[in-house]
Each structure stands twice: as C-alpha cells, then as structure tokens.
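S.K.: Encoded as structure tokens, here's the structure I'll be asking about.
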Amino acid sequence: MEKNKKNIIRKIIWLRLAQVLVNQRYKNGDFLVPIHLAMGHESIAVAVDAAMHEQDSLFLTHRNIHYNLAKMGTLKEELDEYYLRGSGLANGRLGSMNLSNPDKNIYYSSSILGNNLPVGCGYALANKMKNKNGVVFITTGDGAIEEGSFYESLLFLKSNNLPSVVLVENNEWSLATRIKERRANIDFSQLAGALDIEYLLLQGNDPFEYQEKINLVRSKALDNNSPILIEVKLTTLGYWFMESEGYPDGKFINYHGGPAPEVDEKEYPQLVSSNEDPLFLLNKYLSVDELTDISNEMSVQLKEDIS
Amino acid sequence: MKYVQYINSLLKEHISNNENIVLYGQNIDAGSCLSGLTRGLSSCNGGLTINTPNSENSLVGVGFGLMLNDVSSVFFMKQMDFLLLGIDQLVNTYNVIRQTKPSASFTIFPVTVDSGYEGPQSSLNNFDDFCSIAGIEGYSFTNKVDAANIISNHLTKPGFRILSTGQRLLQKEVLDLESMYQDENCNYFQYKKGNDVTIVCFNNSLPYGLELYNLMRESSIASSLFSVNSHLHVNYSRILDDIKNSKKLILIDDTKSRNRLSDRFLADVLNACTLKNKIIISRTTTNESFYPCKDELDIDYNKIINDITS
C-alpha cells in the first residue's frame with residue numbers, strides 16, 4: 001500500500017481513538033461545554049483535509065471535532081479548549097461548538113444552524129476581491145439545510161461566481177427526529193440544478209474514493225468559479241438501544257451530542273460491523289492484525305500527546 | 001439641499017478615498033438607488049458594488065465573512081426593519097467575530113423607518129434595540145455636522161457598527177447647525193450653551209430640541225442643547241456637568257423602543273445631579289407601532305416652557 005494511503009488510514013483510526021478518549025472523559029463529567037462527537041464522520045473529514053490546498057479555507061458547524069482534529073493532527077490543544085484552559089486551541093474562549101483554528105485555515109464555526117454558510121460566502125467574496133485562488137469549503141447538515149440561509153447562500157455563491165464547496169453531512173437526524181418525521185424529502189440534485197450548481201453524492205465511507213472525488217470537485221469549483229454541492233450520507237455513531245417496558249427489544253436512541261454512554265475505549269475502536277463505520281470499511285484495505293497494530297501505535301501517540 | 005442628497009455626497013466623498021471596499025444591498029445601484037441615498041456610489045467605488053438578492057440574514061453574514069478575510073464593506077438597507085431577518089448574524093456571529101479584533105470594517109447602513117404610516121410590519125423606529133441586543137456600536141445622525149463627522153469617523157473604521165438616520169429627515173432640507181463640542185467617538189454633540197435649562201435629545205429628536213431651544217430663547221430662557229448619537233451607553237460627563245449647572249433637564253426621545261437608552265441616561269442624571277425640575281418627552285405608549293399612524297411626537301412647546309420655568 002502507498003505511504004499516502006496508509007497515512008490516511010492511520011489518520012482515520014487516530015481520529016476515532018481521539019474521540020473515544022474525549023468521550024471517556026466526557027462520561028467522567030470532565031467537561032462543562034457541550035461537545036458533539038462525530039464518530040462515523042471520520043472518512044469525510046480526513047478526505048476534506050487531504051483535498052484542501054494551502055489557500056483553501058473551511059467553515060464548520062457545531063459538530064466540528066472531526067475537521068478540527070483532522071486539520072490539527074494533535075489532540076492536546078483541542079482537549080484543553082474543552083477544559084476552557086488558557087492553553088486551549090482558542091485560549092478557552094470558544095469551547096466546542098464555535099471552535100475554529102485560523103492557523104489551520106478554519107476561520108469560523110457556528111453553533112447556530114445555517115449560520116456559517118453566509119460567513120463562508122463573505123469570505124469567498126473577499127477571496128475574489130483579492131484575486132486569491134482558494135476554494136472555500138463550508139460544511140452543513142441535513143437539519144441546517146432547512147434554514148433559509150442555505151438557499152440564500154447557494155444563491156449568493158452562484159450569483160457572484162465564487163469557487164466553493166458546500167458539503168452537507170446527511171446523517172438523517174436533527175436532534176431526535178428523522179428526516180421523514182419532520183419534512184418532505186429534498187432532492188439535492190434538483191435543488192442544485194435549479195440554481196445551475198453541480199451536485200455530487202458521496203456515500204459508503206471510502207476515504208480514497210472521497211478524496212479523489214473531492215479533489216476533482218475542488219478543481220471544477222476553481223475552473224468554473226462556481227459553488228459545488230456535495231451530499232455525503234453517513235451515520236453518526238454512538239447510538240444505543242434503551243430497553244423499557246414498551247420496547248422490550250430496546251428503543252433506538254440517536255446520538256446527537258454529549259457523551260455516548262455505550263462507547264468505551266478498546267484496542268481497535270470500531271463501533272459497528274458494517275460500512276456505516278469508517279473503521280469497519282478499512283478491513284477492505286488492511287488485515288485485522290495490521291489495523292490493530294496501527295491502532296495500538298496511535299493510542300501510544302495520543303497518550304504521549306496529551307500527557 | 002435635501003438631507004438624502006447631502007448624505008449621498010458624504011458617502012461618495014468617503015468611498016472615493018477608500019480602495020477595495022465592497023458596497024452591497026438590494027437596489028443600491030438600480031432604480032431609485034434607495035431614494036437617492038446610494039446613487040452614483042458605484043462610479044466612485046474602486047472596489048466592488050453589488051445589487052444583491054433579497055437575503056438579509058445571509059447578507060449580514062457575508063459582511064462578517066468579508067471582515068474575517070480583511071475586506072471592508074458597507075451593507076446598505078432601505079429599511080431598518082429588514083435587519084430583523086439578520087439578528088442571528090448580528091448576535092451569534094458578531095459575538096465570535098468581535099473576539100478576533102478584525103482589521104477590516106463592516107458597517108450596516110439602514111434607514112430608520114419613522115414615517116409611521118408603513119403599518120405594523122414596516123415601521124421600526126427602534127435603533128436602541130438593535131444595539132443593545134449584542135452590544136453593537138450604533139450611531140444615528142440628524143444634521144449636517146454630525147453626519148459629516150460620523151460618516152468620516154465610523155463608516156470604514158475597523159470593526160463593526162450600524163449607522164442610521166430617519167426616513168423623515170432624509171426627505172427634508174438638511175439641518176445646518178454648528179457644533180461647539182463633540183467627543184472623540186462622536187457619541188454626542190453639543191450645539192448650544194445656556195445656563196437656564198439643559199435640553200438633551202436622543203435618537204432622531206434633535207429637530208424638536210432645536211425648535212424648543214429657539215422658542216425658549218424668544219422667551220429669554222438660555223438653554224444648552226445636546227444630541228446623543230451613540231446608541232450604546234457612554235460616559236456623558238459633559239452633559240451631566242451642564243445639568244449640574246442648570247439643574248433643569250428637558251429630555252426628548254422619539255424612539256419606539258421599550259428599551260430606551262435615554263432611561264439609562266436618566267438614571268445617570270438622577271445619580272449625579274440635583275435637579276430643580278425635569279421634563280421627559282417620549283412616548284407614553286408604544287401601541288402606535290401596531291397600526292399606521294404618524295410617528296412624530298406631539299409636543300406642546302408653550303406648556304413645556306411654562307412647566308420648566310415654574
């Protein structure tokens with residue numbers, strides 16, 4: 001396997017291990033700030049990180065741990081931020097939901113649904129003013145796209161010919177409500193098509209496929225001075241089944257935020273045995289022993305990082 | 001010259017001297033150009049001028065995004081009530097952006113809708129509310145001298161603020177006054193000095209104060225006249241000193257806000273000064289906001305003069 005590909009795999013496993021470690025401390029009651037873990041989102045975060053160029057920028061949502069960690073490559077500063085310490089990534093001033101990192105081109109993160117999209121639009125317009133050849137990546141979710149700012153921002157990006165990628169992480173859930181329980185279906189390809197914006201669907205959690213496609217999308221956005229809409233279907237892991245009188249087989253409880261009660265530290269931190277878990281998918285590329293060796297190595301690295 | 005033409009000339013002059021600024025908003029370079037407010041700005045702007053779609057929430061966010069990327073901008077808005085759609089950005093985004101101490105400038109320039117007859121959904125003479133909601137700097141102006149100073153000092157100053165004037169004033173002849181004092185931030189201006197009474201005007205109420213000043217002068221009552229331009233609470237020491245001297249205060253505020261800055265000012269006065277008399281001219285009810293009716297204050301000037309001297 002190429003070294004680059006192996007590094008991608010290492011980063012995905014590291015990203016999961018880091019989140020499991022945060023979750024463990026969260027379960028212990030260590031944090032006052034609300035944190036939205038993104039276990040299950042590792043492939044897209046690592047692929048975006050790998051596809052971004054030096055002059056690109058990233059605008060995130062309240063669920064930003066995966067992108068922040070992927071960009072940073074270390075846990076200590078982010079962990080300290082969750083503890084609101086002066087040594088934190090933002091000197092303990094932003095906490096989790098607004099965590100950004102300008103040194104790593106993450107300029108703004110918002111806890112308010114749909115709020116980061118217009119800010120990314122303005123940043124992209126400034127790039128145009130300065131003849132700066134970068135692509136603005138803006139993440140959002142299937143809940144936030146219900147806000148008017150999603151449509152307004154796509155319209156603004158397209159109207160002003162701004163190279164950008166709007167990436168919708170579609171996990172089907174908004175808090176405890178599935179899409180079908182709260183709204184009509186939105187056909188992204190038609191919605192994007194109505195604004196003459198190209199649309200791409202990503203699903204399956206293959207980081208190499210994601211990276212290749214995002215590389216292409218990035219080039220197109222630049223060549224055509226246009227936004228491109230990506231929908232990535234994924235599952236936010238950490239869900240559990242709560243047994244009660246009415247639900248003898250357990251009631252499905254979606255993970256939205258806070259500690260995931262049934263996620264514990266283990267040697268290889270895969271959570272489910274299906275492709276909805278990016279770590280399961282890695283079996284396609286490496287053996288269980290190889291993956292476990294990487295996991296052990298990453299665990300040591302993490303512990304050294306935060307010690 | 002109408003006030004709108006005068007403001008337009010100030011904007012042109014200031015923007016001509018600034019490179020790489022983004023001017024944007026609905027109809028700012030089309031049609032009447034916001035009743036003439038923004039007419040011709042594109043031709044003197046070396047940066048970018050954009051006629052935007054109707055997306056106020058996003059357009060406020062765009063200004064903050066530009067600011068993050070070190071590009072200054074002014075977002076012109078025909079009516080302040082449109083800004084209600086941008087409150088998420090005004091509060092939540094600004095609370096984050098202000099921590100970064102940006103070097104670029106972002107100014108929102110709405111017109112305060114104070115004709116009153118637009119009706120319940122389009123009549124918002126409440127500048128104080130927007131400023132108080134997230135500690136946003138805001139400056140209103142009513143005449144030649146304060147407009148010139150505020151636009152010159154604040155339009156493209158690093159940081160974020162809202163600048164506004166009243167819709168009624170814009171269509172009137174420009175009020176040409178000389179100021180005898182202004183603080184360095186243009187928080188308030190003093191126009192007249194007298195020992196008998198202190199008149200302090202808030203929001204867009206200076207024309208009422210000036211009328212009162214002139215009538216009192218005819219009755220040989222010498223008054224000081226101040227207008228407060230900042231919509232955030234500031235240090236009012238010069239005004240308080242004047243009130244300590246006159247011991248008589250007439251406070252005029254034409255806002256419809258239930259969260260009046262002038263109430264905080266009054267608390268400062270009561271804390272610092274011993275008064276012989278005071279008269280507060282403001283709205284006793286704000287129900288006029290709910291139906292079309294004139295926005296002007298009904299002031300019985302003769303009664304005011306009798307009451308303050310009794």
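The values are calculated or read from the model by the stated rules, or taken from the named source; none is laboratory data. Note that the structure is a prediction, hence the values are computed from the model and not measured. FYI the Cβ positions are ideal-geometry reconstructions off the backbone, even for glycines, and counts take in every protein chain you see.
S.K.: Return yes or no: is residue B:61 without any contact (Cβ under 8 Å) to a residue 12 or more places away in the chain, of a type in the set (Gly, Ala, Ser), surrounded by 21 or more Cβ atoms within 10 Å (Cβ to Cβ) and facing chain A (nearest Cβ under 9 Å)?
M.R.: Details: without any contact (Cβ under 8 Å) to a residue 12 or more places away in the chain: no; of a type in the set (Gly, Ala, Ser): yes; surrounded by 21 or more Cβ atoms within 10 Å (Cβ to Cβ): yes; facing chain A (nearest Cβ under 9 Å): yes.
For residue B:61, the condition - without any contact (Cβ under 8 Å) to a residue 12 or more places away in the chain, of a type in the set (Gly, Ala, Ser), surrounded by 21 or more Cβ atoms within 10 Å (Cβ to Cβ) and facing chain A (nearest Cβ under 9 Å) - is not met.
S.K.: Can you tell me how many residues within region A:131-151 are surrounded by fewer than 24 Cβ atoms within 10 Å (Cβ to Cβ) and at the interface with chain B (Cβ under 7 Å from one of its Cβ atoms)?
M.R.: Final tally of qualifying residues: 1.
S.K.: Scan region A:186-196 and tell me whether some residue there is among the aromatic types (Phe, Trp, Tyr), touching a strand residue (DSSP E or B) at 6+ places or on another chain (Cβ under 9 Å) and without any contact (Cβ under 8 Å) to a residue 60 or more places away in the chain.
M.R.: Initial filter on region A:186-196 (among the aromatic types (Phe, Trp, Tyr)): A:188.
Narrowing further to those that are touching a strand residue (DSSP E or B) at 6+ places or on another chain (Cβ under 9 Å): A:188.
With without any contact (Cβ under 8 Å) to a residue 60 or more places away in the chain added as a condition, the list becomes A:188.
Yes, that holds for at least one residue.
S.K.: Kindly indicate whether residue B:52 is facing another protein chain (nearest Cβ under 9 Å), touching a strand residue (DSSP E or B) at 6+ places or on another chain (Cβ under 8 Å), without any contact (Cβ under 8 Å) to a residue 60 or more places away in the chain and among the polar types (S, T, N, Q). Give the derivation first.
M.R.: Details: facing another protein chain (nearest Cβ under 9 Å): yes; touching a strand residue (DSSP E or B) at 6+ places or on another chain (Cβ under 8 Å): yes; without any contact (Cβ under 8 Å) to a residue 60 or more places away in the chain: yes; among the polar types (S, T, N, Q): yes.
So residue B:52 fits the description; yes.
S.K.: Here is a further query. Residue B:44 - would you say it is over 24 Å from the mean Cα position of the chain (by Cα) and either away from chain A (no Cβ under 14 Å) or surrounded by fewer than 19 Cβ atoms within 10 Å (Cβ to Cβ) (or both)?
M.R.: Details: over 24 Å from the mean Cα position of the chain (by Cα): yes; either away from chain A (no Cβ under 14 Å) or surrounded by fewer than 19 Cβ atoms within 10 Å (Cβ to Cβ) (or both): yes.
The answer is yes for residue B:44.
S.K.: Another question, if that's okay. For the list (1) among the small types (Gly, Ala, Ser); (2) buried (at least 22 other Cβ atoms within 10 Å of the Cβ); (3) within 14 Å of residue B:62 (Cα to Cα), I need the number of the one condition that residue A:96 fails.
M.R.: (3)
S.K.: Take residue A:194 and decide whether it is closer than 30 Å to residue A:133 by Cα and hydrophobic (A, V, I, L, M, F, W, C). Before you say what the answer is, go through the steps one by one.
M.R.: On the way: closer than 30 Å to residue A:133 by Cα: yes; hydrophobic (A, V, I, L, M, F, W, C): yes.
Considered against the rule, which asks whether it is closer than 30 Å to residue A:133 by Cα and hydrophobic (A, V, I, L, M, F, W, C), residue A:194 comes out as yes.
S.K.: Check every one of the strands (runs of 3 or more DSSP E) wholly within region B:88-185 and list those with 1 or more residues that are in contact with an Asp or Glu (Cβ under 7 Å, 6 or more places away or on another chain) and at pLDDT 95 or above. Break it down stepwise before answering.
M.R.: On the way: elements: B:105-112, B:137-140, B:159-166.
In region B:88-185, B:159-166 are the strands (runs of 3 or more DSSP E) which contain 1 or more residues that are in contact with an Asp or Glu (Cβ under 7 Å, 6 or more places away or on another chain) and at pLDDT 95 or above.
S.K.: Mind checking whether some residue in region A:207-217 is more than 30 Å from residue B:63 (Cα to Cα) and free of Cβ contacts under 8 Å to residues at least 12 places away in the same chain?
M.R.: Taking region A:207-217 as the starting set, the residues that turn out to be more than 30 Å from residue B:63 (Cα to Cα) are A:207-213.
Narrowing the set further to residues that are free of Cβ contacts under 8 Å to residues at least 12 places away in the same chain leaves A:209, A:212.
So far as region A:207-217 goes, yes, one or more of its residues are more than 30 Å from residue B:63 (Cα to Cα) and free of Cβ contacts under 8 Å to residues at least 12 places away in the same chain.
S.K.: I'd like the full set of residues that are of a type in the set (Val, Ile, Thr) and either in contact with a Cys (Cβ under 6 Å, 6 or more places away or on another chain) or facing chain B (nearest Cβ under 9 Å) (or both), limited to region A:91-120. Write out each step before concluding.
M.R.: Taking region A:91-120 first, the residues of a type in the set (Val, Ile, Thr) are A:106, A:112, A:119.
Listed by number, the residues that qualify are A:112, A:119.
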